[in-house]
Amino acid sequence: MSSLRLSIIVAMTADNGIGFKNSLPWSLPNELRNFAKLTKNCKDKSKQNAVVMGRNTWESIPAQHRPLKDRLNVVLSSTLKDAGEGVLVCPRLKDALTLLEENYQNKIENVWIIGGARVYEDALNLSNCHKLHVTHIQEKPECDVFFPTIPRDFQIITTSEMVEENGFHYNYQVYERRT
Ligand code: FOL
């Protein structure tokens with residue numbers, strides 16, 4: 001059992017859409033800047049956060065932003081040989097968490113699960129996955145991958161005001177697992 005605290009971060013449409021043809025179904029630079037800020041943010045300046053993602057998500061990140069800087073990038077794949085310098089590749093989420101636990105325990109502050117659908121599903125089932133940072137987009141652009149239904153054991157703890165960007169309307173909600 002892992003003692004690492006996991007958080008999920010996701011932007012989703014009104015019908016839980018998260019992606020289309022292996023990219024984001026929208027262009028929201030400010031939203032993405034907020035993603036970068038949150039996933040980098042560490043209280044202890046001697047530590048870093050880890051970002052854990054599936055192989056399709058890894059490939060969907062623009063080459064110039066990959067690996068995501070100032071974060072330990074972990075890619076879940078059993079076929080990928082080498083994702084580049086400093087990037088960890090692991091077959092499964094459980095293996096990745098064990099690896100972080102055993103070899104990075106005092107170097108990592110937070111573990112951010114950044115998708116996609118399959119990785120989100122696996123993470124939601126772990127009791128040490130305690131928070132969801134969800135950007136709720138009101139519109140419904142066409143999507144072919146979806147976030148699972150948020151389990152009832154998560155409750156909303158904060159809600160931001162609505163913002164508009166590129167014709168999309170969205171707000172941020174943080175959910176916490178009920179104890
Ligand atoms: N969560 C949220 N809230 N928004 C997202 O867009 C999002 N995207 C993913 C996972 N969770 C998310 C997966 N897709 C980048 C691109 C795609 C992506 C995740 C990250 C990316 O290029 N990130 C840079 C942005 C730098 C910037 O534009 O400021 C990074 O440094 O994080």
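General remarks:
- Paramagnetic reach from Gln64 in segment 14-51 [backbone N under 19 Å; point 7 Å along Cα→Cβ]: 23-24, 26-37
- Reach of Lys47 by Cα under 20 Å, taken over aspartates and glutamates that are not fewer than 8 positions away in the same chain: Asp70, Glu85, Glu101, Glu102, Glu109
- Peptide packing: for 24-31, 168-175, the average count of neighbouring Cβ atoms within 10 Å per residue gives the ranking 168-175, 24-31, highest mean first.
- Accessible surface of the chain [probe 1.4 Å, protein heavy atoms]: carbon and sulfur percent: 48
- Normalising the Debye intensity of the chain to I(0), with uniform scatterers on Cα atoms only, and taking log10 at q = 0.13, 0.15, 0.16, 0.17 Å⁻¹ returns -0.64, -0.87, -1.00, -1.14.
- Length gained on full extension, Asn103 to Asn30: 22.9 nm, using 0.36 nm per residue less the C-alpha separation.
- Reachable lysines from Lys140, criterion Cα separation under 26 angstrom, eight or more residues apart if same chain: Lys21, Lys37, Lys131
- Values of log10 I(q)/I(0), in the order q = 0.22, 0.27, 0.28 Å⁻¹, for segment 13-72 under a Debye, Cα-only, solvent-free model: -1.05, -1.34, -1.37
- Take the Kirkwood radius over Cα pairs of segment 97-137, plug it into Stokes-Einstein at 20 °C and 1.002 mPa s, and you get 183 µm²/s for translational diffusion.
- Positive minus negative residues near Glu142 (Lys, Arg vs Asp, Glu; Cβ under 12 Å): -1
- Counting only protein chain heavy atoms and rolling a 1.4 Å probe, the accessible areas of Lys69, Lys47 rank, largest first, as Lys69, Lys47.
- Alpha carbon centroid spacing (whole Å) that separates segment 128-167 from segment 31-59: 17
- Shape call, segment 65-165: gyration tensor on alpha carbons, a/c limit 1.5: prolate
- Taking amide H atoms as placed 1.01 Å from N in the peptide plane, the amide H of Leu72 lies under 5 Å from those of Asn49, Ala50, Val51, each 5 or more residues away in sequence or on another chain.
- Segment 1-107 - Rg over Rh from alpha carbon coordinates, Kirkwood radius: 0.95
- The magnitude of the dipole of the chain, with charges of +1 and -1 set on the Cβ of Lys/Arg and Asp/Glu and taken from the Cα centre, is near 500 debye.
- Accessible surface for segment 138-179, divided over its residues, is 68 Å² per residue with a 1.4 Å probe.
- Residue-count net charge about Pro25 - beta-carbon cut-off 12 Å; Lys, Arg +1, Asp, Glu -1: -2
The values are calculated or read from the model by the stated rules, or taken from the named source; none is laboratory data. Please read all numbers here as calculations on a predicted model, not as lab measurements. A quick note on method: Cβ atoms are made from the backbone with ideal geometry, for glycine too, and the neighbour counts reach across all protein chains shown. Heavy atoms of the whole protein, side chains included, go into the accessibility calculation; ligands, DNA and RNA do not. Shrake-Rupley method; radii C 1.70, N 1.55, O 1.52, S 1.80 Å.
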